[in-house]
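K.L.:
This is the structure I want to talk about, given as structure tokens.
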Amino acid sequence: AYYKEIIARFADVPGGMIEAYHAIQDEYSYLPEEAIIEAAKVFGVPTADAYGVATFYSYFSVKARGKNVIRICESAPCHIAGAAEVVSALERQLGIPMGSSTADGRFALEFTECVGQCQATPVITINSKPYFDVTPAIVADILAEYK
């Protein structure tokens, strides 16, 4: 499996497990169970520890999800600036509630904590790329970039 090649590339790198997880998630959009088990073997740690790393960081997902991960900030500045309306527009456009993925596997909707861009609220990120001052009116145009 391709994840084995990815893990092997980072086997001798300090902090390699986290780097391998990033690379695997870039490829699969989540960390498959068998990849975590393989990482435990390669990095010589108990499987529970490999899971611990995968579940500790909010960036990683251990369950399958849409390829394009859309996160919206749920901190106070974004909330005040109209994040709720943007959430409604995203849910309407994609036809799914927050915290789920589209049936075709293209998009996942997730909340996140502050992304450090409070001067340009509300903020969404798609695959970590930030979009600033988002309004319901521009949601469809942003999503069109990923269709």
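K.L.:
Given labels modelled 7 Å from the Cα in the Cβ direction, how far is it in nm from A140 to V13?
P.N.:
Each label point lies 7 Å from its Cα, and together they span 4.2 nm.
K.L.:
To the nearest 0.05, how large is the calculated FRET efficiency for K147 and D49 if R₀ is 30 Å and r is the Cβ-Cβ distance?
P.N.:
Computed FRET efficiency for K147 and D49 comes out at 0.15.
K.L.:
Now for a separate question. For E5 paired with F132, estimate the spin-label separation in nm (one decimal), with each label point 7 Å from Cα along the Cα-to-Cβ line.
P.N.:
In this crude spin-label approximation the distance works out to 3.9 nm.
K.L.:
Please find the FRET efficiency linking K63 to C118, where r is the Cβ-Cβ separation and R0 is fixed at 35 Å, and quote it to the nearest 0.05.
P.N.:
0.75
K.L.:
Karplus couplings for the stretch 95-102 from phi (6.51 cos²θ - 1.76 cosθ + 1.60, θ = phi - 60°), rounded to Hz, Gly and Pro as x?
P.N.:
x, 9, x, 3, x, 10, 10, 5
K.L.:
Another question, then. How large is Rg over Rh for the stretch 13-147, taking Rg from the Cα atoms and Rh as the Kirkwood inverse mean of 1/r across Cα pairs?
P.N.:
Radius of gyration over Kirkwood radius for the stretch 13-147 works out to 1.03.
K.L.:
What do you get for GluC sites (Glu not before Pro) in the stretch 107-147 restricted to DSSP loop and a cutoff of at most 16 other Cβ within 10 Å of the site's Cβ?
P.N.:
Passing sites in the stretch 107-147 are E113, E145.
K.L.:
Further question on the same structure: At a threshold of 8 angstrom on Cα-Cα distance, excluding pairs fewer than six apart, so keeping six or more, what relative contact order does the chain reach in percent?
P.N.:
The normalised contact order for the chain reaches 20 percent.
K.L.:
With +1 on each Lys and Arg Cβ and -1 on each Asp and Glu Cβ, how big is the dipole of the stretch 78-147 about its Cα centre, in debye rounded to the nearest 20?
P.N.:
Value, rounded to 20: 120 debye.
Each value in this text was obtained by applying a stated rule to the coordinates, not by laboratory testing. Note that the coordinates shown come from a computational prediction; the quantities given were computed from them, not determined experimentally. Note that we place each Cβ from the backbone using ideal geometry, even for glycine, and neighbour counts take in every protein chain shown.
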